[in-house]
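Here's the structure, in structure tokens; my notes come after.
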Amino acid sequence: MAERIPRPLAHLLAILQEPQHVQGLALSDWEPVIRLARAARVHATLGHRLMANPDCWAAVPEQPRGHLEAAMNFAAWRRHLLDMELRALDAQLPAEIEVVLIKGAAYQAQHLPLAEGRLSADIDLLVRRADLDAAEATLVEAGWRSTVTDPYDQRYYREWSHELPPMQAEGHALELDLHHGIAPVTSRCQPDPGVLWAGRQRLPDSRYFVLDPMDQLIHAVVHLFQDTELDGRLRDLLDIDAMLRALPDDGEVQNALAARVAMFGAEVLFWHALDACQRWLGTPVPAALWPAPPAQLPRAVMAWMLPRTLLPRLPEARAGLGSSIAERLAHLRYHRMRMPMGLLLRHSLAKGWRRLQLRRVR
Amino acid sequence: MTDERLVRALSKDGLCIDYGACVARVRSDVPAFSQRFFQLYRHFDLFARAPFVDFHVEVSRGRGLRRWLRPQSRFLIDRVQPFDPFAASHALPHYEWGLNWSFAQRFNQYVLLHAGVLALGDRALILPAIPGSGKSTLTAALMLAGFRLLSDEFGVLRPRQGDFLAMLKPVALKNASIEVIRRFSPGAEIGPIFAATRKGDVAHLAPDAASVAAVHQPARPAVIVFPAWREGAALDLQPQAPEQAFTRLAFNSFNYGLLGRIGFDAVADLAAACPAYQLTYSSLDEVVSALRSLVSAPPGGANG
């Protein structure tokens, strides 16, 4: 499974694993490293990891250090915005609706180290399916509007997705995603809502909850593989890496996590996530966590596809034939995981037909 | 490099240009762009390579048929086009505007004041102003009268050091001020007029050789002056209290809110470090000599 990682990317991955790696870098090595980190939206995280070690921070030349400082300042501001938004939403959402923070908002509210420098594009909230309509209605009343106006797309989201279309409010920098599940309705990974909700934990002095730490990790894995935004995925992998590293060295915890992965039907996704973390970020993975490996062929396909779609590329690096095929495949696969085959066909046909019609109108 | 080689390099791999606070690699295949570009940046060294480039930008013609039928100027950073194309004839103002935008978006390691900055030696004169207050006209006149130009648009304040970096770009003169500056200094190197841009008619004044040569010398804040041009007004300099200067500086910043405490501390330090004045003027000759004596006054003088 030999893979050729371009030098700048190898530097970026090496620094993320071991900040001391910067000691050997020349100024000219830094430019593509900064650009790759920006493309993957991990530049502020990179800055925080380096700044934590004064020797390493001092070894970063002035120009790249400026970019890292700028990224950290920007991330701190986004973090502040997210805090303010959560405070405002607290007042708007009815007290009887239980709201679970997921992804970035959850990491930040728990003060996890991985939230340091992590750039969130949106606020993700999870409510019970039964509370969804009421929660949506209050948000609309508070000025949040759906970004999707097309009736077909609206219906798709409502029938087949685990979240409403993203919402925006005027004058608010962050988008809001209201979820009622952590995996698409049709995904093969199906956490039992009862189990998921039973594991929730209330944040101290807050109306908000977070998921059980095990479920946070499983959700990060599901998110990594079932998201079409291909450019932020190294960041998502870093989330998983950090959560794996933070697992207590306790066989019971590890066994419980492995059992939960199996119960949710997430073994295949989990195996690929562990494999990617181990391979690119050097994540130590306890033996008890590994599910049975997927079959040879799908494994080979993923091994070929993942480095081409999950790792960042320089803007000028022309997507080679291999990469564009891999991206198409990843996109198809993403939908395959979200929908049963029949629905996928119907959805593709509907989309294709509508595109044709639009073209005629134009 | 010869002119022809420069044009070829610009359209192929691009050329690196050092603005002081940042280095950009610029690529362009728009003929109307390269000619103006070399004219306005005539005193700059342009390099085929730089050890570290901050911005990778491109001014490119449209795609497909459009490229030939109705050529446009598209501004791209990292191969992404953040806003709508301009007409090809306006490629140069489009580039200047696009680079300013990119700089303001990304360079949040510094406090970016909306201010002209000039210097005598290492003593900087900061001219923060709202658009339309005649800041660019005054900045242009001061450079032409021998001040070193650091920037017309961005006051690049380093929060830890408390000094200013150059962000040395052509001064964008608008509407009537183009003629005012021509009259003030007949030898001024002013490029062609771009009519009816979103800011009206725009022409650019090339930074002079002395400012380019000193592009890597930071300057320490010496005086803050809030300028306001008023027709027929007698020259008037009113001292401003530091707290007044503070709010006006913060208000005229691109990223004060984003920087939070870093911005607050840096701007408060700046307001405390040097005297500030409200300036009303009508005559450029008068104001240049008044500001020259204000900036060259030794520290510890009347207001120091």
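Every number here is computed from the coordinates shown, using simple stated rules; none is lab data. Bear in mind the structure is a predicted one, so any value in this text is a computation, not a measurement. No Cβ is skipped: glycine too gets one built from the backbone with ideal geometry, and neighbour counts run over all protein chains shown.
Worth a mention:
- Bins of 10 Å from zero: percent of alpha-carbon pairs in the range B:3-106: 15, 52, 29, 4
- Dipole magnitude (debye, nearest 20) for chain B, charges at Cβ of Lys, Arg, Asp, Glu: 980 debye
- Farthest toward the positive end of the dipole of chain B, out of B:Val156, B:Ala213, B:Phe52, is the Cα of B:Phe52, where the dipole comes from beta carbon charges about the Cα centre.
- Diagonalising the gyration tensor over the Cα atoms of chain B and scaling each eigenvalue by 5 before taking the square root yields semi-axes of 33, 21, 18 Å, largest first.
- Extreme residue, positive dipole direction of chain B, given options B:Gln39, B:Leu235, B:Gly134 (C-beta unit charges): B:Gln39
- Loop-resident trypsin sites (Lys or Arg not before Pro) (DSSP state other than H, G, I, E or B) in the range B:218-267 with no more than 15 further Cβ atoms inside 10 Å of their Cβ: B:Arg230.
- For the range A:85-120, GluC sites (Glu not before Pro) are listed when DSSP marks them as loop and at most 10 other Cβ atoms sit within 10 Å of their Cβ; the list is A:Glu96.
- Working note: 222 nm ellipticity from helices only, DSSP H runs with n ≥ 4, each -39,500 (n - 2.57), summed and divided by the residues of the protein assembly as shown, gives -14500 deg cm²/dmol to the nearest 500.
- Computed packing ranks the peptides A:34-47, B:162-175, A:99-112 as A:34-47, B:162-175, A:99-112, most packed first, by mean other Cβ atoms within 10 Å.
- Charged side chains reduced to their Cβ positions (Lys and Arg at +1, Asp and Glu at -1) give the range B:1-60 a dipole of some 80 debye around its Cα centre.
- Evaluated over the protein assembly as shown, the count of Lys pairs having alpha-carbon atoms less than 26 Å apart is 6 (only pairs 8 or more residues apart or interchain).
- Hull-based mean projected area of the protein assembly as shown, where the convex hull spans the alpha carbons, in square nanometres: 33.8 nm²
- Summing Cβ point charges (Lys, Arg +1; Asp, Glu -1) relative to the Cα centre of the protein assembly as shown gives a dipole of roughly 2520 debye.
- Ranked packing of A:311-317, B:52-58, most packed first, by mean Cβ within 10 Å: B:52-58, A:311-317
- Average beta carbon contacts from partner chains per residue of A:60-72, 10 Å cutoff: 4
- The protection proxy used here, the mean number of other Cβ atoms lying within 10 Å of each residue, ranks peptides B:267-277, B:112-122 as follows, highest first: B:112-122, B:267-277.
- Calculated P(r) of the range A:7-361 - Cα pairs past 40 Å, %: 13 percent
- Dividing the convex hull volume of the alpha carbon atoms of the range B:118-261 by its residue count gives 125 Å³ per residue.
- Kirkwood Rh, angstrom, the range A:61-209 [1 / mean 1/r, Cα pairs]: 16.6 Å
- Rounded to whole Å, sorted largest first: equivalent-ellipsoid semi-axes of the range B:187-286, Cα gyration tensor: 28, 21, 17
- A Förster radius of 60 Å combined with the Cβ-Cβ distance from A:Asp249 to B:Ala273 puts the calculated FRET efficiency at roughly 0.70.
- Each label was represented as a point 7 Å from its Cα along the Cα-to-Cβ direction; for A:Ala121 and B:Asp285 these points are 5.9 nm apart.
- Neighbouring partner chain Cβ atoms per residue of B:41-54, average, 10 Å criterion: 3
- Take the Cα of A:Arg87, step 7 Å toward its Cβ, do the same at A:Trp160, and the gap between the two points is 4.2 nm.
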